[in-house]
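The values are calculated or read from the model by the stated rules, or taken from the named source; none is laboratory data. Quick caveat, the model's predicted, so the values are computed rather than measured. Cβ: placed from backbone, ideal geometry, glycine included. Neighbour counts: every protein chain shown.
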Amino acid sequence: MNLLVLALVGATYHVPVYHSAHGPVALSPAPDAVALRVPAQAVISRLALKHPEVQVEGVYGGVWLLTGVADPQALRREAAGIHGVVVLEPYRLPGVRSYYIADERIRAQFPLGVSEADANRRAKAAGAVSARLLRRDLSLFEVVTANPSRTVEVAARLQESHAALWAHPDFYWRIEKRFVPDDPLFADQWHHENIGSTGAWETKLGSPDVIIAIIDSGTDMTHPDLVGKIVSPRDEVYQDDDPTPDPTDAHGTSTSGLAAATGNNGIGVSGVCPACSLMPIRIMTEAGDSRMGADSDAFYWASDHGAQVLSNSWGPDGAAPIPSDLNLAINTVTNSGRSGAGSVILFAAGNDGRANESYELASHPLVLSIGATSYWDELESYSDYGPDLDLTSPAGAVTTDISGTAGYESGDYTTQFNGTSAATPVAAGVAAIVYCVAPELTRAQVHSILFETADKIGGVTYDVNGFEQHYGYGRVNALRAVQKAAGRDVCQPVTEICDDGIDNDCDWLVDNADPSCAPTTVTPGITCNQDFQCGMGGSCLFESMGFAGGYCTTSCTDTCPGDATCLQTRNGGYCLDSCTKIDDCRPGYDCLSPSSGPAVCLPSCTVDGCVQGETCNTTTGVCFHNGPTHPGGSCTADLDCADNGWCVDQLPDGYCLVECTVDADCVEGHYCIELGMFAACLQTCTRNTDCRSQYSCWPEADGTASCWASCTSTDDCNGDVCNEWGLCGTDTPPDTSPPPVDEPPADVPANTCACNTTYSCDDSCSCDPECKDGDRGCIATQSSSLSVLLGFALMARIIIRRRNG
């Protein structure tokens, strides 16, 4: 059956149909899945323990998806018999990887002028219970059915009977974040050089009157580079004005910084439109779960509150047709927003490296579809393309992260954010700075300016209209766009001549400061502040990473350019400058043999010294300390930890981590366990009581187990259940028998409950009906939040449980 055209839609509705903006789509009831709305997580915990073969994912708002179900009908009947549980309807769409989950709600547009009473009559005639007005100007309603099993049928009947202009379930669906994760870090923001930001800033740094809406997973509004520029924030997931993201979800914060981080403030980074205002709107959870209605309402909120530019670094997780509800929102904002001048909406093209279909969000004729380009002005291999691509933009530079130890990296900034997710807010910043110069422009005029001033990069042939399907109308150029918007002569780019002192290619960069003048080969060890300065395939280890003056390198497996040495690390090989003595290295570096191999030039404590309390290892150049606390013990500072360990103070009471390669590197009673990007010595255990308070005994694939911080919520378990043992899913400690009489009981903080953290309980949990009988009562629960664990270390701890050595 064709994705968008059904030859026949039967009046008896034997075939479930979802009417998208591009026509009817056949829905397939998910054969191995059950979706539930539950009053408490304890219900899901009990079902998961009873059915260990089932995979459990939290959506939000009490909705859970259970997959891998052998007998869905039996599980539906079982769940329906539990007080307070509502069985929802999960469906699959052709070409889409995730599930569409229907509850009782439908979004519908009735003919203009229809009263609320008339809308209710039409809804009830189609089999619904009620209709509630959402927007009078659009005659947009929420229709409610009596049972989720009827929602798809009622929505189809509303549309096919012409009672509504369109109607479809307000599905829960999963959308993808489209990333692959005098300002001191400004030099690391290579995209500004590629698009001519500094030249554009000579005309305008932006204006607080121009607002960029970042429709995403939420934004850290307290970030030092974002604070003071937030206007009209909104959370459409929980319907409030606090779009603070989940603790480890930095996606929206990173997109916000690329578009509009404050510039020239002596800290961090600068956005493309550094003086613009920022409107963060949250539409999804960390896992990407959302509702179609929440997405549409985000567009209305942005438009109603004055946003000129709406940046969207997300999209469905496959070639999904546009929902009619979202199509209406896009048409309304682009045509009627700003008192009829229209707002600019940008969507990330996607990271599947394929041609986009004409019916996808990024292909909508009124939005700008943005692809991603590299330091070298070449299309990134993952970037989607096609006849509906509009522009390309740089992706992959340093940007804002959730403040502190949360987010992608420890600290306030990250170098790990890329993909078309990163390209889109850069292009949004260019559109915004155009509005700063000429606020009267219409949406269509801004589109034209961006198309006409884009750079024709990639060494490909553009057609007579200036279009090419992999690059659209070219890579955005902020300088030329601002010149065009201001009515000034627009610089006409030609090939950069690298020794004439002229900016030939109109990027505000002259001679060797221009990426087009970069060397063709890599010379490891030379100074740099941009990757392109290291040659094709090279990268710069920036000064902010501890490499004085920057240090060019490239990856390797064995050999390196010239006489450089390939040094193997846990994260791969890197070419480094060879040496025989310190005089062979440039200032700030010493000649060291860190792995008993050939000597190379590296940053060293023999040059920079160590902090008080540490000594310098003159062989490795690494500062060393040996505190009193063994691996896994509590700490408040690095110097507390033995064996040069470091203190992870975001874990309960601090946690001393000591890196290792094999078990033999660890003290007795500890194993070397992978934690993602590194391995560390963790204490062995058989039951939770072997671990200190607020830590659990996590099982390993080889039958052993080790102590690590207990989970406290689904956020710590990548959407899975956090169970009564403080472990994820159906995991249990190797020994779950009651502790011996002479063994101290597990630590149980007062007023918490292992089975249902939404209750406020006494120490016996007697007030919690889910904990009364046969459910172990109040044990193995913790009261502190552990959503932030070494960046992604806990997630890696759950997913990559394997021993070394």
Fill in: Subset of segment 286-313 [part of a helix (DSSP H, G or I) and of a type in the set (Asp, Glu)]
Asp295, Asp297, Asp304
Response to the item:
Scanning segment 560-582 for residues that are under 33 Å from the mean Cα position of the chain (by Cα) and of a type in the set (Ser, Thr, Tyr), the one farthest from Gly621 (Cα to Cα) turns out to be Tyr574
Practice prompt. Considering only segment 463-494, state which residues are of a type in the set (Val, Ile, Thr) and surrounded by fewer than 22 Cβ atoms within 10 Å (Cβ to Cβ).
Written response: Val464, Val490, Val494
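Each row is one residue, and each column tells you yes or no for (1) in a strand (DSSP E or B); (2) over 29 Å from the mean Cα position of the chain (by Cα); (3) in the same structural domain as Asp731 (by TED's automatic domain parsing); (4) at pLDDT below 90.
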site: Asn644; (1), (2), (3), (4): no, yes, yes, no
site: Asp649; (1), (2), (3), (4): no, no, yes, yes
site: Thr661; (1), (2), (3), (4): no, yes, yes, yes
site: Met677; (1), (2), (3), (4): no, no, yes, yes
Discussion item. Gly538 - would you say it is within 26 Å of Val460 (Cβ to Cβ), touching a strand residue (DSSP E or B) at 6+ places or on another chain (Cβ under 6 Å), outside the structural domain of Gly371 (by TED's automatic domain parsing) and surrounded by 21 or more Cβ atoms within 10 Å (Cβ to Cβ)?
Written reply: yes
Worksheet item: Which ones in segment 695-713 are out of contact with any Leu (no Cβ under 9 Å at 6 or more places or on another chain) and crowded, with 24+ Cβ neighbours inside 10 Å?
Response: Ala705
Fill in: First in segment 322-349 and of a type in the set (D, E, K, R), second anywhere and in a helix (DSSP H, G or I), Cβ under 7 Å, 6 or more apart
Asp325/Met292; Asp325/Gly293; Asp325/Ser296
Discussion item. Scan segment 135-158 and tell me whether some residue there is of a type in the set (A, V, I, L, M), assigned by TED's automatic domain parsing to the domain that holds Glu89, under 18 Å from Ala294 (Cα atoms) and part of a loop (DSSP other than H, G, I, E, B).
Written reply: yes
Worksheet entry | Residues of segment 536-573 that turn out to be farther than 23 Å from Ser516 by Cα and polar (S, T, N, Q), as a count | 7
Item to complete: Quick one: which strands (runs of 3 or more DSSP E) lie wholly within segment 16-97 and hold at least 1 residues that are closer than 24 Å to Asn327 by Cα?
Response: 17-20, 23-26, 86-92
